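Enquirer: Before I ask anything, here is the structure I am working with.
The values are calculated or read from the model by the stated rules, or taken from the named source; none is laboratory data. Everything quoted here is computed from the prediction, not taken from an experiment. Areas reflect the complete protein model, heavy atoms only, side chains present, ligands, DNA and RNA absent. Shrake-Rupley method; radii C 1.70, N 1.55, O 1.52, S 1.80 Å.
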Amino acid sequence: MTVLFVAAVSEEAAHLPEGADLLVTGIGTLPAAITLTEELCARRANVTLAEGLCAGRAGGTRPERIINVGTCGALRDEIPNGVYEIDRVHKHDFNVEFTSDIAFDAFPRVITPATTGLFPTGQLATGDTFVEDSGTRERIAQVAGLVDMEGYALAAVAHRFDVPITLLKQISDRADEETAPEWAAAVEGSAVQL
């Protein structure tokens, strides 16, 4: 099976097997979406769906699966540290309630990737906010147990190109006031677990 591993930063994927096909996107939804779209266009992942996006690009080998490896924050104290396979992901920083009557959704509001059963599952909220305060943590915790900055964007691109995706997230912090120093200290250990 042709697998494309995707990580926001190389440190998150430092312990992948030698020779793994790795794409590093940068942090946040926009860099993640743009970089993965460019890569899939270069590989012509699905000519029919990608025709408009990929006009003029050379052919390549389509990945049969995308595996996103990365860190995340835990939004609830009862969630133990470990690796989670995401079974539901949505954007937490775009409120579509007020636009639901005036606009169509270009992408699903919630994406539910198939899971392997090899890891405990979790629900992920993605946004362009590095969550490091209890108020934001509590608000997002009402709809998800984990938070990151790329998962939904990658899942949306994979959905658009009709390539299955697996999101594997290692808890690196508690998404609270101690997050920044915790993440920096935990990223190496998280990469080992992933």
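Enquirer: Using a 1.4 angstrom probe on the protein heavy atoms only, could you order HIS92, HIS15 from most to least accessible area?
Expert: HIS15, HIS92
Enquirer: Heavy atoms only, probe 1.4 Å: what % of the accessible area of segment 139-194 goes to carbon and sulfur, would you let me know? Don't skip to the answer; put the middle values down first.
Expert: Values: 1120 of 2090 Å².
Carbon plus sulfur share of accessible area: 53 percent.
Enquirer: Quick check: with the 1.4 Å probe, what order do SER10, SER134 take by accessible area, largest first?
Expert: Order by accessible area, largest first: SER10, SER134.
Enquirer: Keeping all protein chains in the complex and leaving out DNA, RNA and ligands, what accessible area do you get for GLU177 with a 1.4 Å probe, in Å² to the nearest 10?
Expert: Taking all protein chains as shown, GLU177 has close to 110 Å².
Enquirer: Quick one: which residues, 5 or more positions from LEU23 or on another chain, have an amide H under 5 Å from its amide H? H modelled 1.01 Å from N in the peptide plane, none for Pro or chain starts.
Expert: Here PHE5, VAL6, ALA7 satisfy the definition.
Enquirer: How would ARG137, ARG44 line up by accessible area, probe 1.4 Å, largest first?
Expert: Per-residue accessible area, sorted high to low, gives ARG44, ARG137.
Enquirer: Show me, for segment 107-113, the HN-Hα J-couplings you get by feeding each phi into the Karplus relation (A = 6.51, B = -1.76, C = 1.60, θ = phi - 60°), rounded to Hz, glycine and proline as x.
Expert: Couplings: 10, x, 5, 10, 10, 10, x Hz.
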